[in-house]
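Structure first, then comments.
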Amino acid sequence: MNVVQGIEQIARTRPEADALILIDGMRVSYAMLDMLIRRAAAFGSALGFKPGDRVAMRIGGNDEALGLIVALGLARIGVATCDPTVPARHLSAALVAPGESAPVGPPHHALDAGWISGAASAAGAHPGGEALFRVFATSGTTGLPRYCPVSHAIMGARVTATGYPIARTDFSPVVLCALGLDGNWAMRTVLATLSGGGTLVFSNAASLADTLTRQRVTTLITSPAVLQTLLAAIPAGQPRPPALRAAVIGGSRLGDPLWRLATLRLCPDIMTTFGASETSVVAMGHHETLSRVANAVGVLEPGVAAQAVDAAHRALPPGIEGLIRVRTPGDIAGYLDDPEATAATFRDGWFYTGDIGSVTADGMLVITGRAVELINHGGMKISPRLVEDALLAVPEITQAAAFGVPDSDGVTQVWAAVVAAAPIDGDTLRRHCQASLGQLAPRYVMQMPELPRNANGKVMTHALVALATRQAHA
């Protein structure tokens, strides 16, 4: 099945229903969206694109709606789109939006309104199935990203996996995905919304709070960083968006202070989710419930298996900490052109997430750290999570990231970066860290207006290391 066929089905059964609400408030019906996708398909065919081609393009650029329509138009004719950072040797061409730099290597074409201005294709959709739909980049938090080839069939499994039940019978979902659409989770949300007959709302950071109320959004999909900016823009005492039923947060941990503020200013149902570009949604839960179990990230979704294993890959009993591996309905088989990383990460039908944690007897997934991110300070292995939790205990701090940076002698020192609601005196912060962590306290703490994050909302540790290294040298 092709990923666009769910949209075509809604266009036949409910042609006048709203599929998209654009930033300017313009409404696009399912019949119109289907026609625009067919126009983009015809335009791509006229350019010479054929099934099996791979085209680099940003979907989450300045005009996300256009990028989405073009990506779906190419999918309709069996052409895969790829994250713009995919190496040129894997590409047939690249699409470049106004203001973007053309990549070196593959032929490039303009990504503009011409794609949706011509005649629509009357041909049927490509069968899809095992054909490649899109190549997503992994989070790339600690270095260069890996690339996840996702077929139409795999994306279909991710869309139909439970996740947050966007397709509803008790109300018509109006979904705002406040994440860049280049990422796996955002695309899964988009396709689940449109295949289920919901309405997808577009906004920008400046008007996000207003859009939630004006367009009567029922479901907000976002990350802690975007959530923080959104909450800061909502005046204290302002009524909550009247139609909002749930906010689903992913990409990184949601702290209790942000959760409490979100329940006051958005809605009482704040959910968190755990997954990866390599998999379907792994676990999900209401934050209020999860907050009662230290480091819990969610309850395993139906059809998902997860285990903590020891160094010999033997499953550990419930509640015992080890390396986490998962199996979901939407797993990929390996990375694009990276057999070494594939062999290290995919084993015996399991995906090894790189996390340290445990699985409780009742299916609660608990994550206590990252196996590959332990800070080796002179032979002492320090979990970044331990440092981050201590920093987040300071009331003013809303975000924290800990990492290691080698000093001039080559000894790795503990650094941290924080985002605070108000400036914090450095001496006060150091005293707090010493009292909470002792010899594990970070040697340096950078106060920043925001932490660098990728399209999935995850903190890019390698960018923080680079910044800290420059500061240390200065």
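The values are calculated or read from the model by the stated rules, or taken from the named source; none is laboratory data. The structure displayed is predicted, hence computed values, not measured ones. Glycine gets a Cβ as well: all are built from the backbone with ideal geometry, and neighbour counts include every protein chain shown.
Residues of the range 1-55 that are within 26 Å of residue 212 (Cα to Cα) and of a type in the set (Phe, Trp, Tyr): 30 alone. The condition (being outside any strand (DSSP E or B) and either over 25 Å from the mean Cα position of the chain (by Cα) or surrounded by 16 or more Cβ atoms within 10 Å (Cβ to Cβ) (or both)) is satisfied by just one residue among 399, 434, 413: 434.
If the condition is being of a type in the set (Gly, Ala, Ser) and at negative phi, then the range 214-250 contributes 223, 225, 232, 233, 236, 243, 246, 247, 250. Filtering the range 264-312 to residues that are assigned to a loop (DSSP other than H, G, I, E, B), farther than 30 Å from residue 235 by Cβ and not charged (D, E, K, R) leaves 276, 277, 279, 280, 293, 294, 295, 302, 303, 304, 311, 312.
Taking the residues in the range 326-377 that are touching a His at 6+ places or on another chain (Cβ under 9 Å) and not in a strand (DSSP E or B) as candidates, determine which candidate is surrounded by the most Cβ atoms within 10 Å (Cβ to Cβ). Residue satisfying both the conditions and the ranking: 336.
Listed by first and then second residue, the pairs linking a residue in the range 54-81 that is not assigned by TED's automatic domain parsing to the domain that holds residue 147 to a residue that is assigned to a loop (DSSP other than H, G, I, E, B), with Cβ atoms under 6 Å apart and 6 or more places separating them unless they lie on different chains, form an empty list.
Looking at 474, 435, 441, which is the one that is closer than 13 Å to residue 416 by Cα, of a type outside the set (D, E, K, R) and out of contact with any Asp or Glu (no Cβ under 8 Å at 6 or more places or on another chain)?
That would be 441, the only listed residue that is closer than 13 Å to residue 416 by Cα, of a type outside the set (D, E, K, R) and out of contact with any Asp or Glu (no Cβ under 8 Å at 6 or more places or on another chain).
Taking the range 5-46, which residues are buried (at least 21 other Cβ atoms within 10 Å of the Cβ) and of a type in the set (Asp, Glu)? Correct list: 34 only. When the range 325-345 is filtered for residues that are in contact (Cβ under 8 Å) with a residue 24 or more places away in the chain and either acidic (Asp, Glu) or out of contact with any helix residue (DSSP H, G or I) (no Cβ under 9 Å at 6 or more places or on another chain) (or both), the ones remaining, listed by number, are 325, 326, 327, 331, 337, 338, 341, 345. Within the range 22-41, does at least one residue satisfy the condition of being in contact (Cβ under 8 Å) with a residue 24 or more places away in the chain, under 25 Å from the mean Cα position of the chain (by Cα) and more than 23 Å from residue 131 (Cβ to Cβ)? Taking every residue of the range 22-41 in turn, at least one turns out to be in contact (Cβ under 8 Å) with a residue 24 or more places away in the chain, under 25 Å from the mean Cα position of the chain (by Cα) and more than 23 Å from residue 131 (Cβ to Cβ).
Restricting 416, 422 to residues that are among the small types (Gly, Ala, Ser), farther than 23 Å from residue 357 by Cα and either touching an Asp or Glu at 6+ places or on another chain (Cβ under 8 Å) or without any contact (Cβ under 8 Å) to a residue 24 or more places away in the chain (or both) narrows the list to 422.
None of 68, 36, 20, 72 is in a strand (DSSP E or B), modelled with pLDDT of 95 or more and under 25 Å from residue 197 (Cβ atoms) except 20.
Beta carbons closer than 8 Å, at least 6 apart along the sequence or on distinct chains, pair a first residue in the range 384-407 that is at negative phi and at pLDDT 90 or above with a second that is acidic (Asp, Glu) and surrounded by fewer than 18 Cβ atoms within 10 Å (Cβ to Cβ) for 399/450. Of the residues making up the range 80-90, not a single one is hydroxyl-bearing (Ser, Thr, Tyr) and touching an Asp or Glu at 6+ places or on another chain (Cβ under 8 Å). Residues that are in contact (Cβ under 8 Å) with a residue 40 or more places away in the chain, more than 29 Å from residue 330 (Cβ to Cβ) and assigned by TED's automatic domain parsing to the domain that holds residue 188 occur in the range 121-135; there is at least one. Filter the range 159-176 for residues that are modelled with pLDDT of 95 or more and out of contact with any Leu (no Cβ under 6 Å at 6 or more places or on another chain) and give the result. The one that is modelled with pLDDT of 95 or more and out of contact with any Leu (no Cβ under 6 Å at 6 or more places or on another chain): 174.
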